[in-house]
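Heads up, the thing below is written out as structure tokens.
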Amino acid sequence: NDILNILENEHGISHIMIHTWIEPLKIYSVEDNKVYFTLDEDYGQRGVEFLKRKLFDIYLETVLRELFQDDSIQVIFTLESQMRKDEKSPTYSEDYNDAIAKSNLRPDYTFENFIVGESNKHAHATCLAVADSPGQDKFNPLFLYGGSGLGKTHLMQSIAHYILQHNSNMKVLYVPSNKFTNEIIEAISKNKTEEFRNKYRTVDVLLIDDIQYLIGKASTQQEFFDTFNALHDEGKQIILSSDKPPKEIKTLDERFRSRFEWGVPIDIHAPDYETRMAILKNKAEIKGLTDIISEEIFEYIANNITYNVRELEGALNKLSVYSELGDIKITEELAKNVLKDFISKDSKVTITPELIINTVSEHTNISVSDIVSTKRSQDIATARQISMYLCRKYTDKGLKSIGDAFGGKDHSTVHSNIQKVEDKIEKDPEFAEMVDVIIKKLNPQK
Ligand code: ADP
Ligand code: MG
């Protein structure tokens, strides 16, 4: 009460301000010379920003310094949830910071910064289990797969961070698969395979990202295979990511594909609405944007960018640039304008036979021209049948016009091809799963 009186009478802060803003503050803790005041959670980070803008921390500091005759007193406004979060996240040693640089990790790709929702909770839980005890047989290798921008790289690096946070002496190495391939090729051509092996076979945890790009000659694959086996034999943890499940990476030798399935492949899905909102708000907070972006705008973004988390973040970045450049509060009108390109580019594109054929082609590595040809080899025919089936399911085209999109097949051919896919989905779970992965890539709205 003394403090409140002084603020009102000597500093001229209005009664109503004191009543609504200062009175509800709680002293959360006092550490050395720092006094932490927490604000009711309902006010959120915005409330904290407001208090600071009004310079209430300075006023309080002045009063406290006078009352206690101590000029070193500092006042800090925060939220209780924030305090608890800070208590949980320990400060890491220099060794740890050193280790993440050596391991090629991004400092921000941690579990702390990863939002868990329905779409990724299984992947997240598995990654935590691996982080907690690396090298267990049932998750070795850990194979993460899912569409682009869904958080594979972030999650796999989170495991690496976690391991280093708990033991900075662990040797952890992250490498994108194309870099890994290049290093193998260079090692072979320059007779430096010994060096290469020293680097990769002495680690405790090896992470290879986007394994679908690990293509190349038999000798490259052999070297990779040997690395894999050497590490695996010693119970070292191997973590791999890809845009598709192992058995569908046709560029890889069959030996790998089956080996990658030793651990259970884990897929990560596109985020649902709630998760998208949570991710947006979290990123906005990290970037200090909560004050300039309204709830409506968050909803607008979450409603329109539905597939790719990277794009959610891109939208925020774009808004942020705008607000700083123009120093303006973002209105809904402005947001729509700024995000126009983003949003029309995103997944709301209508699904056409062309899109389906392209997607199937990308997934199966069978060229578009083969898919629409009359070739009968098994792989090509299957890709064609799946494409037709998807056209029937996800476009409003009739059998005849689907046939036209495949170089003029007649409607009975289309019909029987679709039939074959339907039968096979019933009987062959692996096949059904493959079709499912392609459907996820197409990302139909319904
Ligand atoms: P991928 O490797 O699957 O293509 P990334 O891991 O690179 O995707 O993720 C793309 C971006 O989205 C990154 O900036 C990442 O931090 C962010 N991201 C993805 N999923 C989440 C999540 N669940 N919570 C927070 N950020 C996420
Ligand atoms: Mg990635």
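Observations
- Other-chain or far-sequence residues with amide H under 5 Å of Tyr307's (modelled H): Ser347
- Principal-axis tilt of helix 295-304 within the chain, Cα atoms, nearest 10 degrees: 10 degrees
- Contact order normalised by residue count of the range 20-156, Cα under 8 Å, 6+ apart, percent: 19 percent
- Backbone phi angles across the range 150-163, fed through the Karplus curve with coefficients 6.51, -1.76 and 1.60 (θ = phi - 60°), yield HN-Hα couplings of 9, x, 5, 4, 4, 5, 5, 5, 4, 4, 4, 4, 4, 4 Hz in residue order; Gly and Pro are listed as x.
- A Cβ-based charge dipole, computed about the Cα centre of the chain with Lys and Arg at +1 and Asp and Glu at -1, lands at about 2380 debye.
- Each Cα pair under 8 Å and six or more residues apart adds its separation to the average, and for the range 121-182 the resulting relative contact order is 32 percent.
- Residue-averaged [θ]222 nm for the chain, counting only DSSP H segments that reach four residues, each worth -39500 (n - 2.57): -17000 deg cm²/dmol
- The mean sequence separation of alpha-carbon pairs under 8 Å and at least six residues apart, normalised by the residue count of the chain, gives a relative contact order of 12 percent.
- Distance between the range 245-262 and the range 336-400 - C-alpha centres, whole angstrom: 24 Å
- Amide H contacts for Ala270 (H built 1.01 Å from N in the peptide plane; partners 5 or more residues away or on another chain; cut-off under 5 Å): none found.
- Placed amide H near Phe143: partners under 5 Å, 5+ positions off or other chain: Leu240, Ile266
- Axis of helix 56-68 versus longest Cα principal axis of the chain: the two differ by about 40°, to the nearest ten degrees.
- For the chain, the longest principal axis of the Cα atoms and the long axis of helix 273-286 meet at an angle of about 50 degrees.
- Along the axis of the charge dipole computed for the range 306-446 (Cβ charges of +1 for Lys and Arg, -1 for Asp and Glu, origin at the Cα centre), the listed residues Ile356, Leu339, Gly408 are led at the positive end by Gly408.
- Out-of-range pairs (alpha-carbon distance over 25 Å; input Lys179/Lys236; Lys336/Lys393; Lys152/Lys283): Lys336/Lys393
Every read-out reported here was derived from the displayed coordinates using simple, explicitly stated rules and does not represent laboratory data. All figures in this text were calculated on a predicted structure; none of them were measured in a lab. Here the Cβ is made from the backbone with ideal geometry for all residues, glycine too, and neighbour counts use every protein chain on show.
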